[in-house]
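Just so it is clear, none of the values below were taken in a lab; they were calculated from the coordinates. What you see is a predicted model; the values in this text were computed from it and never measured. Backbone-built Cβ (ideal geometry, glycine too); neighbour counts: all protein chains shown.
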Amino acid sequence: MHRTRGELEFKQPKTKTSRRTITLPAVTVEALQAHYKAHLEDRMKLGLGRDPRGLVFTRGDGLPLDPDSLSKAFERLILKTKVTPITLHGLRHTHIRHVLMDGIHVKVVSERAGHANVNITLNTYAAYIPNMRRRTRRCASTLGCGEPVRSQNSWVRIGWKIGFSELAVKQ
């Protein structure tokens with residue numbers, strides 16, 4: 001959505017990676033499906049029919065939600081619940097930081113975030129990639145991220161199944 005001369009309109013995403021499919025927890029998918037079903041039932045009762053754009057969240061009259069109104073409603077919810085203040089866009093940054101801190105590979109996170117390339121993710125979030133040097137040193141010294149096992153005159157890893165590019169994902 002984009003506002004031009006006070007009017008909301010749909011616009012193409014900024015980059016080819018901006019339009020993407022992401023995975024969500026099952027509970028989130030179920031909640032979205034339930035909301036969409038109720039939303040569709042409401043539209044049918046009002047005689048609006050199916051939304052040709054397939055929007056999950058709209059105003060009562062079927063028009064798209066105004067992003068500013070959504071942000072203000074979210075701000076009111078944050079104030080009401082007395083949680084640490086954060087914006088909707090701040091949730092995006094928090095999510096990216098958390099998945100990086102959980103050890104998800106930066107390439108996977110970059111794709112999920114829709115960044116044009118991994119350098120954008122690295123330049124913005126490098127501080128949230130924990131123990132990268134220590135983990136890489138440990139993994140390189142054990143030929144992977146498993147425990148080293150002495151086998152004749154060489155160190156081997158039992159069950160070698162991952163490539164070096166996946167080290168940050170599997171520990």
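Translational diffusion coefficient of the stretch 91-130 (Stokes-Einstein, Kirkwood radius from Cα pairs, 20 °C, 1.002 mPa s): 223 µm²/s. If you sort the three axes of the alpha carbon gyration tensor as a ≥ b ≥ c, you get a/c under 1.5 for the stretch 1-90, which makes it rounded.
Can you order the peptides 96-103, 35-42 by their average number of other Cβ atoms within 10 Å per residue, highest first?
Listed from highest to lowest mean packing, they are 96-103, 35-42.
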